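**Student:** Right, I'll just put the structure down here and ask away after.
Just so it is clear, none of the values below were taken in a lab; they were calculated from the coordinates. As the structure is a prediction and not an experimental result, all values here were calculated from the model. Don't worry about glycine lacking a Cβ; one is built from the backbone with ideal geometry, like all the others, and counts go over all protein chains shown.
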Amino acid sequence: MANDEKTQPTTGKPAVAPGAAPPPTPAEALSTAHQVEELGDKLSDCADSIHQRVMRDIRRRQGQDVPESEQAAARALLDAEMELRQRANRLYADAAACIVASLGQPQQHLIQLTMDAADKIRRITRIGDGITLVARLLGLAAAASTGQVVPILTAISALKMQVDIVAIDSAPAPPPAPSEPAASA
């Protein structure tokens, strides 16, 4: 712990400096217009990642023929990028109306999850994983705009699961186990 941080003797939790706002509780995620706008910012960042990814794939082809399946995937991702931007823009416009006080998820968790998704989109190797990940982001954006707890929690869970799946699929293969010498008979 840093020298300027003090803990409360009874709880062991960091003490709040006098005059400083206490850290938000899990129930306060998406409970202010600023938090909804911050989610909109992160969804826009994810849209930027989608666009960068598709453009990188296009440049990599250097004028070569692109299989129809890859063209379709790129079009789907660009359509999803546009929809994600539209939903983020709606969140900005409706921020005051989208406040969800009883969500039970810390705002930082939501922000970190969307940042992880943006990172995965940039690094993803299988385009199908990217499409599913983008669909989960769109689901979160749509759920957040409803202001209803259950759809938001469901969307968060689905996004977290897909981020974890992409992390597993893109993890390097473990090194082969050393072979054991043959037993002599």
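**Student:** Only counting other Cβ atoms within 10 Å, I'd like I165, I156, I127 sorted with the fewest neighbours first.
**Tutor:** Ranked by crowding around the Cβ, least crowded first: I165, I127, I156.
**Student:** So what does log10 I(q)/I(0) come out to for the range 115-161 at q = 0.22, 0.29 Å⁻¹, using the Debye formula with one equal point on every Cα and no solvent?
**Tutor:** For the requested q values the scattering log ratios are -0.71, -1.01.
**Student:** Here is a further query. What order do you get for 86-93, 138-145, 52-59 when each peptide is scored by the mean count of other beta carbon atoms within 10 Å, highest first?
**Tutor:** In descending order of packing, they fall as 138-145, 86-93, 52-59.
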